[in-house]
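What follows is a set of notes on a single structure, which appears directly below.
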Amino acid sequence: EEVANCQVNAFTRAYMDRLSPRHLQLLGHLKQLLRGFQKCLVVGSSCDNKNDSGGSNKELLSPLHFLCRYKLDRINLFPLLRYMEETKLSQKLLRFVPTVDDNDHEKD
């Protein structure tokens, strides 16, 4: 699982009782968006279209085309962006970065 997705999941679990239904909905939209990015970035995904010569043809997607291709077109990015800016979500998620346990390295 990707780090950003882990961070959002950990944040949601930690503050589940304190978050309003609207905040939970927006966090759910953020998780869906992160999964869409992850699908697009996976090697051999449908973001890489094969051209006639057998090589890989990378294509740049607009936000609208990205949302439609990954069936995320029900997500309105403007309220999500506003929520992230107003709540300073990126700064809060920094506390939920997964760390490697130092004890694992000492055993080797």
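The values are calculated or read from the model by the stated rules, or taken from the named source; none is laboratory data. None of these values were measured; they are calculated from a predicted model. Every residue, glycine as well, gets a Cβ built from its backbone with ideal geometry; the counts of neighbours run over all protein chains shown. We work out accessible area using only protein heavy atoms, side chains counted, and drop any ligands, DNA or RNA first. Shrake-Rupley method; radii C 1.70, N 1.55, O 1.52, S 1.80 Å.
Details
- Top-ranked residue in region 3-56 [being open to solvent by less than 50 Å² (accessible area, probe 1.4 Å) and part of a loop (DSSP other than H, G, I, E, B); ranked as modelled with the lowest pLDDT]: GLY55
- Near pairs, Cβ below 6 angstrom, 6+ apart or cross-chain, from region 14-43 (free of Cβ contacts under 8 Å to residues at least 24 places away in the same chain) to any residue that is outside any loop (DSSP other than H, G, I, E, B): LEU27/THR12
- Leading residue by the ranking (farthest from LYS39 (Cα to Cα)) among those in region 62-82 that are in a helix (DSSP H, G or I) and over 15 Å from the mean Cα position of the chain (by Cα): ARG82
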